[in-house]
1. List every residue pair whose Cβ atoms lie under 6 Å apart, where the two residues are 6 or more positions apart in sequence or sit on different chains, the first residue falls within segment A:210-238 and is within 21 Å of A:E432 (Cα to Cα), and the second residue, located anywhere, is of a type in the set (D, E, K, R) and part of a loop (DSSP other than H, G, I, E, B).
2. Just the residues that are small (G, A, S) and under 13 Å from A:P365 (Cβ atoms), please, taken from segment A:294-344.
3. Take the residues of segment A:18-51 that are crowded, with 16+ Cβ neighbours inside 10 Å, of a type outside the set (V, I, T) and within 9 Å of RNA strand B (Cβ to nearest atom): which is farthest from A:P295 (Cα to Cα)?
4. Residue by residue through segment A:165-193, note down the ones that are under 15 Å from A:L145 (Cβ atoms) and assigned to a strand (DSSP E or B).
5. So A:V153 clears everything in (1) surrounded by 15 or more Cβ atoms within 10 Å (Cβ to Cβ); (2) within 24 Å of A:G41 (Cα to Cα); (3) more than 18 Å from the chain's Cα centre (by Cα) except one condition, right? Which one?
6. List every residue pair whose Cβ atoms sit under 6 Å apart, with the two residues 6 or more apart in sequence or on different chains, where the first one lies in segment A:448-459 and is closer than 14 Å to A:V485 by Cβ and touching a residue at least 24 places away in the same chain (Cβ under 8 Å) and the second, anywhere, is assigned to a helix (DSSP H, G or I) and within 10 Å of RNA strand B (Cβ to nearest atom).
7. Please determine whether any residue of segment A:21-40 is modelled with pLDDT of 85 or more and farther than 17 Å from A:G279 by Cβ.
8. Using the structure shown, decide if A:G239 is within 13 Å of RNA strand B (Cβ to nearest atom), surrounded by 24 or more Cβ atoms within 10 Å (Cβ to Cβ) and part of a loop (DSSP other than H, G, I, E, B).
Amino acid sequence: MAKNFPTRADNYSEWYNELVTRADLAETSSVRGCMVIKPYGYSIWEKMQQALDKMFKDTGHVNAYFPLFIPKSFFSKEASHVEGFAKECAVVTHYRLKNSPDGKGVIVDEDAKLEEELIIRPTSETIIWNTYRNWIMSYRDLPLLINQWANVVRWEMRTRLFLRTAEFLWQEGHTAHATEQEAIEETRRMLDVYADFAENFMGVPVIKGFKTANERFAGALDTFCIEALMQDGKALQSGTSHFLGQNFAKAFDVKFTSKAGVQEFVWATSWGVSTRLIGALIMAHSDDDGLVLPPKLAPIQVVIVPIYKNDEQLKQIDEYAIKIKKSIEAKGISVKYDNRDTQKPGWKFSEYEFKGVPVRIAIGPRDMENEQVEIARRDTKEKATYSIVDLDIKIEHLLEQIQNNIYKKAVDFREASTHYVDTWDEFLKTLEEKPGFIYAHWDGTPETEQKIKELSKATIRCIPLNNKMENGKCVLTGNPSTQRVVFARAY
RNA sequence: CGGGGUGUAGCGCAGCCCGGUAGCGCGCCACGUUCGGGACGUGGAGGCCGAAGGUUCGAAUCCUUUCACCCCGACCA
């Protein structure tokens, strides 16, 4: 069917790139490290945005927007923050161009040098906290629960469509609280929102946990994360929620007067997920025939393809199909009827498989005669004939089934790829032969963590929440440990 | 930023070693036969060979510089 198509088993990255191309999601831009998200890819992002935005609103958040440019001096205010981001910042130094004296195009006008350089935000903590200073006076102004949908720029050395691009789209929540306890609760609440979204919308099971000091967000006291497993056995950090303590409040002097009349620094959180989730979605479910999208995030949930020999037949099928389309749409399901005469049925079948459309309905003269349709599901590739009686209800159930099945498949895969390992030899062997999540003991020191990374390329993805305590010996040093942590090679 | 690779038609590539004015497959356009898993035939359109210099009577090919992209590292959502 698909010809000269790199397979998942053969070459995972080529397979990934090919999927992105074939499904018409995105392409590499001629602008360094950047990506053009094409309409179909963007519509998946819009579905994600809708679902997430609702979850944010349901947990009491509101949206706002802050500037793209951040004065350089803002970055100097939080020491560890600047250290974390300094190496990957795009900097605006001038504000004007002029015609080149040699007549060839334009050059930067050196006279138009900015007094203070502007950083294109790699994340917005600094500009937001600088703004919050004026918004927060009293405990009555708290909590402040704001989210922003935006683009950010990180000058990454090496990029990969969706997973790491110089510019990416995301949401970043930035909240301010009167107490430490409240802020920690918020951090955890948003982690739960992310996990809920990943599992119930994306169909991707995740491990909730927190990062070791090495892997923590620059400026955070604690970084919580959700870690997902891709089909090549590599982990993908899919969302983070940071407890920032009073670091940014102190750096930007954000104080409030408490009930008791005392000036106190506020407690902060920030949390974000990005277009990287689209990469996660692709890598978690897709097969050699293309994308497999969970119905809840599929821009097109059902596609109807007519099969006909001539105009007259098409006209009859049009009528039959549009009726079916309307009845299914009445259930709130998005249906596309593709009666383009420019492509053949087989071509359309392949195209919608590449695009991961969960359900395909084929209608030919034979079906009309018998008052039935042929239904193919993308996840299992099963085909079956359905009577058109109560078809809308059947489709609704089928979509639910597909959503559940995709999730279950991912869960099964993760279970099969999760290993408990106690010796260093076994650790290395597992990484090579059965890549996935490795639960192993670690002595808790950054030095050992670093050493393991150097020797095996595996990092501690997280220390799972609600982790079972058990005594053991560090897989590398043999020093005592009280719990297992999750190791994996990661994107 | 270190190591390796690649830039030739919309896409994938050959040609380069050994200089002589560009070719293949897919796609695209037209017509016909087809249409229940990416159809076939015939005809046709499309490229100053990434860019800039140099060598030469002559450069896709040789030399220099430069830019971009991909892969492997280091860095990271």
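The values are calculated or read from the model by the stated rules, or taken from the named source; none is laboratory data. Note that this is a predicted model, so its numbers are computed, not measured. Methodologically, a virtual Cβ is constructed for each residue, glycine included, from the backbone with ideal geometry; neighbour enumeration extends over all protein chains shown.
1. Pairs found: A:K234/A:R489.
2. If we filter segment A:294-344 for residues that are small (G, A, S), which is where we start, we get A:298, A:321, A:327, A:330, A:332, A:334.
Hit for segment A:294-344 is A:A321, nothing else.
3. Result: A:G33.
4. A:Q171, A:E172, A:G173, A:H174, A:T175, A:A176, A:H177
5. Here A:V153 meets the rest and fails (3).
6. Going by the 6 Å Cβ cut-off, the qualifying pairs are A:E449/A:N214; A:T459/A:K453.
7. Start the filter on segment A:21-40 by keeping residues that are modelled with pLDDT of 85 or more, which leaves A:21-26, A:35-40.
Imposing the further condition that a residue be farther than 17 Å from A:G279 by Cβ reduces the set to A:39.
Yes, the conditions are met somewhere in segment A:21-40.
8. No.
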